[in-house]
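Input: a single structure, listed below in structure tokens.
The values are calculated or read from the model by the stated rules, or taken from the named source; none is laboratory data. As the structure is a prediction and not an experimental result, all values here were calculated from the model. When we count neighbours, we look across all protein chains shown, and the Cβ atoms used for this are built from the backbone with ideal geometry, even at glycine.
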Amino acid sequence: MTRRPTTKTTVTKTTVKKSAQRAPTTPAKAALPAFLPAELPASKPTFAWKGELAHIGPTHTANALYKKLAGHTHCAVLALEAGVLQWGAFAFGAIRNVGAHVDLAELLFLAMEPSFTKDIDWPALEAVQVPERPKEDAALGVLFRLARRCLTPARWLDTHATPVSELFHSIHLVRHVLAPPMRKRFDRWLEGALDRIPRRAVTKGFAPRTLNAARDRTWGHPLPVSILEVDCTPAKLAAERKMLTSSSTVAANRFVARVPTFFAKLTRAQKAALKRIGVTKLRDLRKLSQSALGDDDAIGWTVTAILSTELGAAGLAFADDA
């Protein structure tokens, strides 16, 4: 296994332009997903706000809920996080535009395919701010940030860990902001989701290529969005996933910028650094070790992780993972 990065890494600003880029407009209200109660947006949550740490649950101990969430595959945790995120976001649906949260929830499903990592618009995702006031915006911002952390390539692609802490804290925060009647309905939904989603998200039948073979065994099977509402038989998984990835809504997602190769998103400095070590195209990476590439200050572990998924999708690997 390669050495896990100890510092936060980010993808620098990309110059890639989305096809048919839309002119800035005031976004329309996001449509309520079918798995959420119709009354949720008008439920008028009233809650105290004493800052993020006061409302996200324990940060240093593993309680019964944490233990219940732990041990599931990465794909299962991403699906659960997408559902919890939308429960929290649409609680404010009558007073706030939650389109960014909806796009992020979709992104969590798309990112279940490791090869999709190159198509995420990382600068746009990182640009979303978390305000401290008013409390409604603060709560929405914290929910967004917790879900966004579930996607960090250098954090999840080279470790056996899954974003259980992010899911755990999201659940606590959503339960805090929901009005009591909705909180009960959320708990019932979560109970059902915890029963069906992990069962469908086992790795069997799917061969992901992340940064290492050990991680692949805990990645899990990509799931369709419908799993948030009803069960999906294994026979229908592939067909429903294909519908999701080919959907026109993916092209409209503000956090998606599809490219043939991640090389198109590299900065001039990153391309120059790769050229100095003889890399001008994806196949050239086969002669390098991912450790050396990740430790290169000009490239870093986030870029290395994304390039690794692209290598895997092409049936290739770094020299130390071949």
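Select from the stretch 312-322 the residues that are under 19 Å from R155 (Cβ atoms) and either touching a residue at least 60 places away in the same chain (Cβ under 8 Å) or assigned to a helix (DSSP H, G or I) (or both) and list them in ascending order. Don't jump to the end; show me each part of the working.
Our first condition is that a residue be under 19 Å from R155 (Cβ atoms); within the stretch 312-322, this holds for 312, 318, 321.
Residues satisfying the conditions are G312, D321.
From the list K44, K17, K8, which one is on the phi > 0 side of the Ramachandran plot, at pLDDT below 95 and either within 20 Å of the chain's Cα centre (by Cα) or not in a helix (DSSP H, G or I) (or both)? Walk me through it before giving the result.
Values: K17 fails: on the phi > 0 side of the Ramachandran plot; K8 fails: on the phi > 0 side of the Ramachandran plot.
None of the others qualify; the one that does is K44.
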- prompt: Which members of the stretch 120-147 meet the condition of being within 21 Å of E310 (Cα to Cα) and either among the charged types (D, E, K, R) or free of Cβ contacts under 8 Å to residues at least 24 places away in the same chain (or both)?
  reply: D121
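Across the stretch 245-280, what is the total count of residues that are of a type in the set (S, T, N, Q) and free of Cβ contacts under 8 Å to residues at least 40 places away in the same chain?
In the first step, residues of the stretch 245-280 are kept if they are of a type in the set (S, T, N, Q); the result is 245-249, 253, 261, 267, 270, 280.
Narrowing further to those that are free of Cβ contacts under 8 Å to residues at least 40 places away in the same chain: 246-248, 280.
Here the count works out to 4.
Among the residues that make up the stretch 225-240, is at least one of them assigned to a loop (DSSP other than H, G, I, E, B), on the phi < 0 side of the Ramachandran plot, within 20 Å of the chain's Cα centre (by Cα) and among the acidic types (D, E)?
As a first pass, look at the stretch 225-240 and keep what is assigned to a loop (DSSP other than H, G, I, E, B): 229-233.
Imposing the further condition that a residue be on the phi < 0 side of the Ramachandran plot reduces the set to 229-233.
Those still in the list that are within 20 Å of the chain's Cα centre (by Cα) too: 229.
From what is left, the residues that are among the acidic types (D, E) are 229.
Yes, that holds for at least one residue.
Tell me, which residue of the stretch 39-92 that is hydroxyl-bearing (S, T, Y) and surrounded by fewer than 20 Cβ atoms within 10 Å (Cβ to Cβ) is farthest from R196 (Cα to Cα)? Steps first, answer last, please.
The initial filter retains those residues of the stretch 39-92 that are hydroxyl-bearing (S, T, Y), namely 43, 46, 59, 61, 66, 73.
Okay, now just the ones that are also surrounded by fewer than 20 Cβ atoms within 10 Å (Cβ to Cβ), so 46, 59, 61, 66.
Working: T46: 31, T59: 27, T61: 26, Y66: 18 Å.
This residue is T46.
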query: When the residues of the stretch 259-277 are filtered to those that are within 27 Å of the chain's Cα centre (by Cα) and part of a loop (DSSP other than H, G, I, E, B), which remaining residue is surrounded by the fewest Cβ atoms within 10 Å (Cβ to Cβ)?
result: P260
- request: Please verify whether the stretch 169-177 includes one or more residues that are under 21 Å from the mean Cα position of the chain (by Cα), within 26 Å of A305 (Cβ to Cβ) and not aliphatic (A, V, I, L, M).
  value: yes
Options T304, T245, T280: the member that is buried (at least 22 other Cβ atoms within 10 Å of the Cβ) and polar (S, T, N, Q): T304
query: So which residues in the stretch 281-306 are closer than 15 Å to P153 by Cβ and free of Cβ contacts under 8 Å to residues at least 60 places away in the same chain, if there are any at all?
result: L293, I299
Subset of the stretch 63-121 (residues that are assigned to a loop (DSSP other than H, G, I, E, B) and of a type in the set (D, E, K, R)): R96, E113, D121
statement: Checked the stretch 122-161 for anything touching a Ser or Thr at 6+ places or on another chain (Cβ under 7 Å), crowded, with 17+ Cβ neighbours inside 10 Å and not in a helix (DSSP H, G or I); matches are L157, D158
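For every residue, the table says whether it meets (1) buried (at least 19 other Cβ atoms within 10 Å of the Cβ); (2) more than 18 Å from C75 (Cα to Cα).
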{"residue": "S165", "(1), (2)": "yes, no"}
{"residue": "F168", "(1), (2)": "yes, no"}
{"residue": "V174", "(1), (2)": "yes, yes"}
{"residue": "V177", "(1), (2)": "yes, yes"}
{"residue": "R183", "(1), (2)": "no, yes"}
{"residue": "R188", "(1), (2)": "no, yes"}
{"residue": "E191", "(1), (2)": "no, no"}
{"residue": "L194", "(1), (2)": "no, no"}
{"residue": "V202", "(1), (2)": "no, no"}
field: Filter result for P208 (in a loop (DSSP other than H, G, I, E, B), in contact with a helix residue (DSSP H, G or I) (Cβ under 6 Å, 6 or more places away or on another chain) and in contact (Cβ under 8 Å) with a residue 40 or more places away in the chain)
entry: yes
